[in-house]
Amino acid sequence: VTMGVLSCMKYLMFIFNMLVFAGGTCLVGVGVWVAVDPTGFQDIVAAKPVLSVGAYLLLAVGIALSLLGFLGCCGALRRSRPLLLV
């Protein structure tokens, strides 16, 4: 019974970390899009400095989330405690 529970937890951890990785990748994509083509977002955000800072903030948060999600996926599949603790 306990092996089934541990196996289920392993796959749930993998799925959760995959969602974090996908969210981080989406944030990186939006950050790159805003940094490269800010004209589409100038109607939403009136100030140009806020737009450029927001783009770099999205990039930084997205890269951090993608890295954490990737390490979490590897840790869940390998059952590596240090990777999961990161």
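The values are calculated or read from the model by the stated rules, or taken from the named source; none is laboratory data. As the structure is a prediction and not an experimental result, all values here were calculated from the model. What goes into the accessible areas is simple: the full protein's heavy atoms, side chains included, and nothing from ligands, DNA or RNA. Shrake-Rupley method; radii C 1.70, N 1.55, O 1.52, S 1.80 Å.
Relative to the longest principal axis of the chain, what angle (0 to 90°, nearest 10) does the C-alpha long axis of helix 48-78 take? Rounded to the nearest ten degrees, it is 10. Entry comment: accessible area of the chain is 70 Å² per residue, from protein heavy atoms only and a probe of 1.4 Å. The candidate values are (i) 19, 34, 22, 15, 8, 2; (ii) 17, 40, 32, 11, 1; (iii) 14, 23, 17, 18, 16, 10, 2; the one derived from this structure for P(r) over Cα pairs in 10 Å bins from 0, in percent carries the label (i). How far is helix 2-36 tilted off the main Cα axis of the chain, in degrees rounded to 10, range 0 to 90? With rounding to tens, the tilt is 10 degrees.
What a 1.4 Å probe finds exposed on the chain is 78% carbon and sulfur by accessible area, rounded to a whole percent.
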